Protein chains: 2
Amino acid sequence: MLCPGPRPRNAAATRTAILDAARERFAAESYDDVGMRDIARDVGVDAALISRYFGSKDDLFLAALDSCGDGSALMSGEKADFGRRVAHEIVFEPKKAEKLKGMSIMLRSIGSAKASEMVQNTCTQRFFGPLEDWLAGPDATVRARVLAGFLMGMSVSRELGGGSFDLEPAECERMRDRLAPILQDLIDG
Amino acid sequence: MLCPGPRPRNAAATRTAILDAARERFAAESYDDVGMRDIARDVGVDAALISRYFGSKDDLFLAALDSCGDGSALMSGEKADFGRRVAHEIVFEPKKAEKLKGMSIMLRSIGSAKASEMVQNTCTQRFFGPLEDWLAGPDATVRARVLAGFLMGMSVSRELGGGSFDLEPAECERMRDRLAPILQDLIDG
DNA sequence: GACGCTTGTCAACAGGCGTTGACAAAGCCA
DNA sequence: TGGCTTTGTCAACGCCTGTTGACAAGCGTC
């Protein structure tokens with residue numbers, strides 16, 4: 001919603017507006033495909049202002065990634081219920097993935113040479129690490145990796161298939177019931 | 001291995017050399033990060049020649065993707081053995097993934113706006129489709145998607161973790177034995 | 001040898017990128 | 001009112017990209 005006329009002078013509001021726009025953009029397109037001018041247009045501001053507020057594009061990308069929090073939303077709730085919950089919410093209702101926006105950003109840009117290092121570091125610190133701690137037990141590291149890989153793989157698979165699985169409800173339930181114990185087994189160790 | 005002096009005049013050899021170099025590059029870097037001049041330097045040729053032989057960068061990318069064949073290498077061998085074989089080879093010995101170079105190329109560039117459509121089409125036709133036919137049985141479509149997603153997710157997870165799982169042999173075996181029946185269950189329907 | 005086709009090189013173009021520094025306008029304070 | 005800082009805009013820079021057309025050299029054929 002761009003309003004005509006000059007933008008009101010409010011540095012704090014403008015800064016967070018830029019950050020919000022960047023988060024949305026980077027979750028939808030790769031680091032390389034997102035231009036400073038694109039984000040600026042979303043906010044209704046000149047691209048030069050972004051450089052002034054955030055420094056470089058890298059800094060803005062990191063700030064956007066940071067603003068998504070860690071993966072703790074994924075690990076909230078009952079551990080015993082995890083398999084079923086994740087199988088349902090993440091795999092078959094990706095629209096609820098708002099809480100996983102950070103994962104979307106990482107997945108979008110993991111292929112980009114300019115962003116991959118930032119993505120790797122962030123992923124290790126805020127996703128793999130907490131997940132590993134949460135899982136605990138034997139082989140926690142590799143179980144965390146496999147679990148995270150599964151979630152990301154479903155996301156990629158959905159993307160490659162054209163945006164959704166297009167499942168009928170009955171099919172969805174069958175698949176959920178099949179996947180839930182698999183995931184739960186990885187949780188329980 | 002670049003030799004000094006002018007390149008011998010051999011159109012066919014030069015063409016396949018370009019195609020080979022492109023395949024390697026696109027398997028290691030994203031569409032956006034691979035430049036025509038990079039590939040040209042690998043071959044020891046001028047970038048303009050690539051345009052002449054293959055048309056546009058898109059055409060070269062598609063040719064590289066095409067030259068990888070379909071996923072039939074993945075689906076060769078005994079079906080009853082699939083779970084254990086894949087769990088071992090793909091998940092824990094990624095160096096053997098030569099036969100899955102096409103998958104690497106797709107994964108690298110799925111995030112790029114310029115390449116995503118080409119990747120999606122190729123993936124559906126040469127990976128999801130054959131896999132679905134091979135699996136057959138009830139819910140074949142979604143089983144194929146989940147299975148493919150799992151394989152890709154392991155690849156992404158390895159990438160994000162810094163290139164390898166760094167597992168000890170014993171750990172590797174435990175994980176293989178745990179994953180094999182999961183994969184096999186998706187195969188058998 | 002001279003022609004003509006093929007194979008490869010070179011320089012340049014147009015377009016896009018992130019970033020910078022100069023400038024304008026708004027608001028605050030004396 | 002006159003200055004000063006903050007907030008935002010604008011034009012431009014240097015760099016890199018894919019692609020093009022002109023040019024050079026190799027090679028077979030007459």
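The values are calculated or read from the model by the stated rules, or taken from the named source; none is laboratory data. Since the structure is predicted, the reported quantities are computational estimates derived from the model, not experimental observations. Virtual Cβ from ideal backbone geometry, glycine too; neighbours counted across all protein chains shown.
A compact table of results
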read-out: Residues of the stretch A:75-109 satisfying the condition of being modelled with pLDDT of 80 or more and part of a loop (DSSP other than H, G, I, E, B); value: A:75, A:76, A:77, A:78, A:79, A:80, A:81
read-out: Yes/no for residue B:80 being more than 14 Å from every other protein chain (Cβ to nearest Cβ), farther than 29 Å from residue A:115 by Cβ and surrounded by fewer than 17 Cβ atoms within 10 Å (Cβ to Cβ); value: yes
read-out: Residue within the stretch A:39-52 that is of a type outside the set (A, V, I, L, M) and surrounded by 17 or more Cβ atoms within 10 Å (Cβ to Cβ) present; value: no
read-out: Unmet requirement for residue B:181, which otherwise passes all of (1) at the interface with chain A (Cβ under 10 Å from one of its Cβ atoms); (2) under 16 Å from the mean Cα position of the chain (by Cα); (3) in contact (Cβ under 8 Å) with a residue 12 or more places away in the chain; value: (2)
read-out: Answer from B:169, B:130 - the residue that is touching a residue at least 12 places away in the same chain (Cβ under 8 Å), surrounded by fewer than 21 Cβ atoms within 10 Å (Cβ to Cβ) and more than 7 Å from chain A (Cβ to nearest Cβ); value: B:130
read-out: Members of the stretch A:7-39 that are within 11 Å of DNA strand C (Cβ to nearest atom) and over 20 Å from residue A:108 (Cα atoms); value: A:7, A:8, A:9, A:10
read-out: Single residue of the stretch A:14-38 satisfying the filter (crowded, with 18+ Cβ neighbours inside 10 Å and of a type in the set (S, T, N, Q)) that is farthest from DNA strand D (Cβ to nearest atom); value: A:30
read-out: Test: residue in the stretch A:39-48 that is away from DNA strand D (no atom under 15 Å from the Cβ), modelled with pLDDT of 95 or more and in a loop (DSSP other than H, G, I, E, B); value: no
